[in-house]
Amino acid sequence: MSPVQDYLRYLVTLTAVLDPFLAIPIFISASAGRDAAGQRRLADAVTATVFAVLTGAAIFGDDLLKVMGGSLPAFQVGGGLVLLLMALAMLNAKAGEMRQTPEEAEELRAGEASGVVPLAVPLLAGPGAISTTIIAGEAGGPPHKAALILCIALVCALLWTLLRTARYVGDRISTTGLNVATRLLGLLLAAIAIQTMAEGLKRLFPGLT
């Protein structure tokens, strides 16, 4: 693929992994006890946290792999499996335990956890988004990483807009509508996950080609 196609693929994959439509009802629930200003501050904090975590993964992810002695092809297979499990949950319009365990969901509902944790991490910037970013950053080089950070900023801008207008969007789009959007993103993510796993397997076992 050309560099432009690579960046478009990462942009689409990251949007599907973060799935801001799935985050809307969870954000509304987490911010129920806050006034309008408090909800806006929470949206700002969640978005900033997601951006910081993914930017860190883009800059330091490949170095972390080298320190741990892991190979990128193996990480592609493992990361692809994570994405596939997330996609299967999304096809059922659920967050899934890869994003959020039942205990974390209960803490959020009970108001025992801050909105940033576990909403920003691990619900949004969790294993799927981090592994996707590390895999995308394999080409190295400051210009490449800068382009990835730009993609992260674009997706975070979409996330910020939807969280800032979560109640407005939630009032005008039914739960069914949000679930349909999540299922469509899940279908797209499943295809990308399988492609990522296939690329990793081909690099691990060249004889497969």
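All of the numbers you see were taken from the coordinates with simple rules; none came from a lab. The structure displayed is predicted, hence computed values, not measured ones. Note that each Cβ is placed from the backbone with ideal geometry, even for glycine, and that neighbours are counted across all protein chains shown.
Some observations on this one:
- Membrane-span-like helices in the chain, defined here as complete DSSP H runs extending at least 30 Å along the helix axis by their C-alpha atoms with mean Kyte-Doolittle hydropathy no lower than -0.5, are 36-68, 142-164, 175-204; this is a sequence and geometry rule, not a statement about a membrane.
- Net dipole in debye of the chain [+1 Lys, Arg Cβ; -1 Asp, Glu Cβ; about Cα centre; nearest 20]: 420
- FRET efficiency estimate (nearest 0.05) - Cβ-Cβ, Leu204 to Thr101, R0 30 angstrom: 0.50
- Residue exposure sequence - Phe51, Phe205 - by fewest surrounding Cβ within 10 Å: Phe205, Phe51
- Annotation: lysines with alpha-carbon distance below 29 angstrom to Lys145 (same-chain offsets under eight excluded): Lys66, Lys202.
- Applying the criteria of a DSSP loop state and at most 16 other Cβ atoms within 10 Å to the trypsin sites (Lys or Arg not before Pro) of the range 1-106 yields Arg34, Lys94.
- Where the Cα pairs of the range 130-181 fall when distances are cut into 10 Å bins, in %: 22, 34, 24, 18, 3
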